[in-house]
Amino acid sequence: MAKTLIPFGPQHPVLPEPLHLKLVMEDEIVVEAIPALGYIHRGLEGLATRRDFNQMVYVVERVCGICSCIHAMCYCQAIEGLMGLKVPPRAQYLRVIWSELHRMHSHLLWLGLFADGFGFESLFMALWRVRERIMDINEATAGNRVIISTNIVGGVRTDINTGYLQEILRTLKTVEAELKPLYDTMMNDYTVKLRTVGKGVLTKEQAWQLGAGGPTLRGSGWAHDMRTLGYEAFHELDFEPVVETDGDAYARTKVRFREVFQSIDLVRQAIAKLPDGILAVPVKGNPTGEITTRVEQPRGELFYYVYCNGTPNPERVRIRTPTFANIPPLLAMLPGVELADVPVIVLSIDPCISCTER
Amino acid sequence: MLMGRTIIKNLLHKYATRLHPYEQRILPDKFRGRFRFIIDKCIMCRNCAVKCPTKCITIDPETGLWEREVMACVYCGVCADVCPTGCIIMTNVYRPPITEPTKLTFMCTPRPKKKKPTEEAQTMNKKDVETAIKQQQAERTAPSLPVSEE
Amino acid sequence: MINLKEWINKGRLKSPWVVHFDCGSCNGCDIEILACLTPVHDVERFGIINVGNPKHADVLLVSGTVNHRNKIALKNIYDQMAEPKAVIAIGACGLSGGVFHDCYNVVGGVNKVIPVDVYVPGCPPRPEAIIDGVVVALEQIKIKLGLAEAPAVHAVHME
Amino acid sequence: MMILGKLLLGVIGLALATFIGGFISGLDRKITARMQSRFGPPLAQPFYDVLKLWGKAPMAVNAWLVLCAYLTLMASALSVFLFFAQSDLLLIFFVMTIGAVFQVMGALSVNSPFSHVGAQRELLQMFTYEPLIILVIIGIAMHTGSFSIASIYALDTPLLYSMPFLYVALGIAFTIKLRKSPFDISASHHGHQEIVRGVLTEYTGRQLAMLEVAHWLDVVLLLGLCSLFWSTSAIGLFLLLAVTYFAELFVDNVSARLTWGWMIKRALGPGVALAMVNLLWLYAIK
């Protein structure tokens with residue numbers, strides 16, 4: 001049988017991002033997947049030497065437009081750790097609220113794209129319609145829909161007033177009600193199950209050995225969630241990592257969908273416990289030393305290494321993103337699947353190429 | 001088939017679409033849209049130019065040249081936050097699309113010199129300023145207004 | 001025949017199919033472009049479909065900075081589109097490189113590689129702004145086809 | 001005189017079918033949009049699309065592709081013409097098949113892997129819907145004793161009463177031909193799939209416009225086939241078609257795209273089984 005080479009990307013309607021996969025096909029079965037990266041590399045970490053540590057917050061936000069707030073939060077934690085700043089409690093809670101809103105919109109976005117990946121257009125539309133409600137909250141509380149720019153070193157820039165907190169709770173109630181039937185569809189529909197159950201199986205051992213992260217790892221049965229470290233206000237909130245054991249695309253979908261409900265719950269808890277107080281502590285001097293921080297991004301564990309030498313410009317900012325960790329498992333999953341299942345499996349790790357290549 | 005209830009419900013209810021160009025939606029007050037400059041208030045402190053993460057603001061206190069690369073601005077609002085006199089204000093209206101690459105240039109009152117710069121720096125500056133003014137004159141098609149939106 | 005030409009021109013303005021190329025963007029603009037297709041903004045009311053195939057498309061939406069690797073892909077996609085076509089650069093990065101304009105791997109805005117008709121500023125631009133951008137691009141196509149005269153330059157944008 | 005009248009009817013039917021096909025396509029998109037809670041495009045949108053595509057600069061890869069597009073359109077037009085001229089059902093079916101085959105041949109004549117995979121899948125789709133349509137036609141012939149359309153109009157009870165299972169089989173074939181979920185395997189309207197627009201990827205501009213019109217005509221032809229099942233009254237016929245098309249839209253919106261393996265196992269098998277049961281029943285009551 002002659003082998004054909006199908007280019008998947010860099011411009012491809014299923015995958016909005018320029019990940020280039022060369023799929024070596026035999027008939028309609030993938031024999032090998034060869035990734036080609038570098039279409040999106042900007043050299044963002046190099047900017048650290050030319051921007052001061054306050055400006056870098058806005059730069060690292062633009063590592064990834066989907067989880068911008070969480071990138072900024074991780075970077076701010078690093079600088080705060082170096083300078084020994086204690087973030088005020090209200091700011092900690094506000095960071096939790098925004099990061100969970102980001103997790104919700106990121107997961108809803110992914111669920112929609114995933115539905116589109118297997119051709120379920122009306123489900124895509126329904127999920128993105130719900131997502132717009134979260135975007136409206138972002139817009140009204142932080143001032144922008146996607147890149148919200150609320151985190152600064154030492155706290156947050158802007159406050160959410162009490163009246164709007166009630167509005168958020170009301171919106172979350174609607175979101176929850178609207179998501180219930182969609183959860184039912186995504187998890188129990190016959191055609192959806194045909195496309196997801198048993199596709200791209202990653203066993204528990206494999207997932208650990210290949211170094212998967214986030215929902216990809218949790219879908220394979222590992223309770224590995226960085227939020228349990230208790231950064232910001234997470235140590236005062238009550239939650240359990242969402243774990244599924246099957247390790248296929250279906251399990252990963254279930255993990256993400258359940259995490260949306262978990263995030264709704266976390267936002268509710270945070271709003272209930274939100275203390276009064278100042279938003280940010282003043283920042284004086286320049287950071288010195290090196291530090292690593294880890295937070296949980298929608299896609300998995302996000303890791304920052306920052307090295308500062310006492311000047312306003314950090315000497316080194318190194319980012320390790322979850323998609324980078326999830327690409328080896330993806331390449332292990334692809335051989336032997338049908339072409340029709342390639343989008344399902346590629347999307348099932350929630351690839352974020354702009355994070356990976358920066 | 002589980003989607004059936006949702007789509008029938010959608011079919012029977014009103015659409016969720018915001019008919020954008022025909023129905024303008026007023027954005028929330030906090031929305032970081034285009035800027036409004038009250039350039040007469042500017043004291044040429046260069047705070048905005050220093051703090052801007054994009055480095056898209058150029059200010060020359062000697063000639064009073066205030067320049068912003070509109071195309072590079074990321075609308076983070078830092079310049080409005082740090083402006084001591086409130087001459088940069090963020091409005092909640094987003095910037096409409098443009099068909100030509102543009103740059104925003106104002107001339108304001110130059111700040112009186114405090115220190116005399118060295119000979120070398122002075123000549124360097126003069127050269128730069130002259131070219132900048134020439135460029136700016138070539139680019140400008142309308143006189144700058146005291147209060148204007150970018 | 002003149003009649004048919006008029007009809008075709010009408011069709012051109014009523015059915016701009018778009019192809020979207022993420023050219024080194026941070027996803028912010030991409031998800032806003034996708035958000036345009038969804039119920040709340042629904043650009044299909046203007047006949048806009050995201051066809052995903054440059055050979056079928058009339059309008060190219062480019063988001064993000066151009067770097068040394070993807071400029072070839074960008075040029076290829078532009079060349080594969082049949083006339084009449086328009087290019088919309090989206091977001092600060094697509095306009096000039098935005099916050100990344102002095103990174104080592106960034107060539108600059110989209111207009112350094114292919115001619116751009118409309119620039120949509122914002123980081124990321126709102127879906128409404130992207131819809132406006134497509135409407136302005138249609139005006140540009142109208143001018144190209146000789147159906148409308150080029151408007152006087154807006155003083156407000158040019159200061 | 002009889003033949004002239006039939007020819008005239010065929011020409012009028014063809015002209016009307018083009019407009020009705022475009023209108024149905026527009027209605028389809030509008031209702032789909034409303035099902036997804038969107039505002040939706042204007043009803044005339046398919047016509048705008050086709051006009052625009054007609055005016056695009058030529059970009060054909062090779063001459064064979066252009067020829068195939070013309071032949072596909074001509075075959076579809078001819079089959080609709082024959083239908084309205086009340087010709088032989090078998091003849092109509094074969095002419096329709098020629099159109100589909102040429103579309104695939106055009107897709108195979110170029111070098112794009114997307115187009116090739118799309119073409120192979122289109123062949124598999126043809127492999128699925130053609131036996132179903134043939135069985136339906138055989139059923140009609142068994143019932144009326146002739147392959148002619150005129151003999152169906154001579155009946156005084158609707159065909160649906162005696163051929164309900166065959167109608168379901170025809171519905172399956174119709175879904176495949178319409179390229180709706182779960183069978184939008186070789187090509188899809190929005191192109192959000194792994195092989196972009198599959199069999200249509202390499203057709204551009206004028207060729208794509210022709211294929212679009214050919215698709216409208218195919219839809220009208222299949223709706224025509226459905227209409228034969230209630231040939232006795234105009235209202236019944238219209239209601240049957242409306243219900244059928246709405247069911248297609250409903251199925252499209254409640255299901256994901258499935259694979260060709262599933263299509264052959266779960267659509268062809270049950271479809272043929274249903275048809276066979278119906279044929280046996282027809283044989284028994286005769």
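The values are calculated or read from the model by the stated rules, or taken from the named source; none is laboratory data. This structure is a prediction, so every number in the text was calculated from the model and none was measured. We place every Cβ from the backbone using ideal geometry, glycine too, and count neighbours over all the protein chains shown. SASA here: full protein model, heavy atoms, side chains in, ligands and nucleic acids out. Shrake-Rupley method; radii C 1.70, N 1.55, O 1.52, S 1.80 Å.
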Name the residues in segment B:1-50 that are under 14 Å from the mean Cα position of the chain (by Cα) and either within 16 Å of A:ARG129 (Cβ to Cβ) or facing another protein chain (nearest Cβ under 10 Å) (or both), would you?
B:ARG32, B:GLY33, B:ARG34, B:PHE37
Quick one: count up the residues across segment C:68-79 that are modelled with pLDDT of 85 or more and at the interface with another protein chain (Cβ under 8 Å from one of its Cβ atoms).
1
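Pull up segment C:108-118, narrow it to residues that are open to solvent by 40 Å² or more (accessible area, probe 1.4 Å) and outside any loop (DSSP other than H, G, I, E, B), then point me to the one that is farthest from the other protein chains (Cβ to nearest Cβ).
From segment C:108-118, those open to solvent by 40 Å² or more (accessible area, probe 1.4 Å) are C:111-112, C:115; that's our starting set.
Keeping just the survivors that are outside any loop (DSSP other than H, G, I, E, B) gives C:111-112.
Working: C:ASN111: 7, C:LYS112: 11 Å.
Out of the qualifying residues, it is C:LYS112.
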Please specify each residue of segment A:232-264 satisfying the condition of being under 18 Å from the mean Cα position of the chain (by Cα), surrounded by 20 or more Cβ atoms within 10 Å (Cβ to Cβ) and in a loop (DSSP other than H, G, I, E, B).
A:GLU232
Test: residue in segment A:119-138 that is more than 10 Å from every other protein chain (Cβ to nearest Cβ), on the phi < 0 side of the Ramachandran plot, open to solvent by 10 Å² or more (accessible area, probe 1.4 Å) and among the charged types (D, E, K, R):
no
Every residue in segment B:1-20 that is open to solvent by 60 Å² or more (accessible area, probe 1.4 Å) and under 18 Å from A:MET187 (Cβ atoms), please.
B:MET1, B:LEU2, B:ARG5
Note on segment D:75-127: residues open to solvent by 30 Å² or more (accessible area, probe 1.4 Å) and within 17 Å of D:MET210 (Cβ to Cβ) are D:LEU78, D:PHE81, D:ILE98, D:VAL101, D:PHE102, D:MET105, D:SER109
Failed item in (1) out of contact with any Gly (no Cβ under 7 Å at 6 or more places or on another chain); (2) touching a residue at least 12 places away in the same chain (Cβ under 8 Å); (3) hydrophobic (A, V, I, L, M, F, W, C); (4) part of a loop (DSSP other than H, G, I, E, B), with B:CYS48 passing the rest:
(4)
Members of segment D:138-162 that are in a helix (DSSP H, G or I) and of a type in the set (A, V, I, L, M, F, W, C):
D:ILE138, D:ILE140, D:ALA141, D:MET142, D:ILE149, D:ALA150, D:ILE152, D:LEU159, D:LEU160
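For (1) closer than 16 Å to C:VAL59 by Cβ; (2) more than 7 Å from chain A (Cβ to nearest Cβ); (3) without any contact (Cβ under 8 Å) to a residue 12 or more places away in the chain, each residue gets a yes or a no:
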position: C:ASN3; (1), (2), (3): no, yes, yes
position: C:GLU6; (1), (2), (3): no, yes, yes
position: C:ASN9; (1), (2), (3): yes, yes, no
position: C:PRO16; (1), (2), (3): yes, yes, no
position: C:CYS23; (1), (2), (3): yes, yes, no
position: C:ASN27; (1), (2), (3): no, no, yes
position: C:ASP30; (1), (2), (3): yes, no, no
position: C:PRO39; (1), (2), (3): no, no, yes
position: C:ASP42; (1), (2), (3): no, yes, yes
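Can you say whether A:ALA48 is modelled with pLDDT of 85 or more, among the small types (Gly, Ala, Ser) and farther than 29 Å from A:LEU331 by Cα, as far as the supplied structure shows?
On the way: modelled with pLDDT of 85 or more: no; among the small types (Gly, Ala, Ser): yes; farther than 29 Å from A:LEU331 by Cα: yes.
No.
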With the first residue restricted to segment A:197-208 and required to be under 22 Å from A:PRO343 (Cβ atoms) and touching a residue at least 60 places away in the same chain (Cβ under 8 Å), and the second required to be open to solvent by 60 Å² or more (accessible area, probe 1.4 Å) and acidic (Asp, Glu), Cβ contacts under 9 Å at 6 or more apart or on different chains are A:VAL201/A:ASP246
Picked from segment C:90-107 (must be open to solvent by 10 Å² or more (accessible area, probe 1.4 Å) and among the β-branched types (Val, Ile, Thr)), the residue farthest from the other protein chains (Cβ to nearest Cβ) is C:VAL107
Condition check for C:VAL62: among the β-branched types (Val, Ile, Thr), away from chain A (no Cβ under 12 Å), crowded, with 23+ Cβ neighbours inside 10 Å and under 12 Å from the mean Cα position of the chain (by Cα):
no
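Please indicate, with yes or no, whether at least one residue in segment D:22-29 is closer than 17 Å to D:ARG179 by Cβ and hydrophobic (A, V, I, L, M, F, W, C).
Here is the first cut: in segment D:22-29, the ones closer than 17 Å to D:ARG179 by Cβ are D:22, D:24-29.
Next cut, hydrophobic (A, V, I, L, M, F, W, C) only: D:24, D:27.
For segment D:22-29, residues closer than 17 Å to D:ARG179 by Cβ and hydrophobic (A, V, I, L, M, F, W, C): present.
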Among the residues of segment C:66-85, which ones are touching a helix residue (DSSP H, G or I) at 6+ places or on another chain (Cβ under 9 Å) and touching a residue at least 60 places away in the same chain (Cβ under 8 Å)?
C:PRO84
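Taking only segment B:51-69 into account, find how many residues are within 14 Å of chain A (Cβ to nearest Cβ), surrounded by fewer than 21 Cβ atoms within 10 Å (Cβ to Cβ) and either in contact with a Phe, Trp or Tyr (Cβ under 7 Å, 6 or more places away or on another chain) or assigned to a loop (DSSP other than H, G, I, E, B) (or both). I'd like the intermediate steps shown before the answer.
Our first condition is that a residue be within 14 Å of chain A (Cβ to nearest Cβ); within segment B:51-69, this holds for B:51-57.
Within this subset, residues satisfying the condition of being surrounded by fewer than 21 Cβ atoms within 10 Å (Cβ to Cβ) are B:51, B:55.
Add one more test, that the residue is either in contact with a Phe, Trp or Tyr (Cβ under 7 Å, 6 or more places away or on another chain) or assigned to a loop (DSSP other than H, G, I, E, B) (or both), and what stays is B:55.
Within segment B:51-69, residues that are within 14 Å of chain A (Cβ to nearest Cβ), surrounded by fewer than 21 Cβ atoms within 10 Å (Cβ to Cβ) and either in contact with a Phe, Trp or Tyr (Cβ under 7 Å, 6 or more places away or on another chain) or assigned to a loop (DSSP other than H, G, I, E, B) (or both) number 1.
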Enumeration of residues in segment A:36-56 that are in contact with a Lys or Arg (Cβ under 8 Å, 6 or more places away or on another chain) and open to solvent by 10 Å² or more (accessible area, probe 1.4 Å)
A:ALA36, A:GLY38, A:TYR39, A:HIS41, A:GLU45, A:ASN54
(1) open to solvent by 30 Å² or more (accessible area, probe 1.4 Å); (2) away from chain D (no Cβ under 14 Å); (3) within 22 Å of A:PRO351 (Cβ to Cβ): which one isn't true of A:VAL197, the others all being true?
(2)
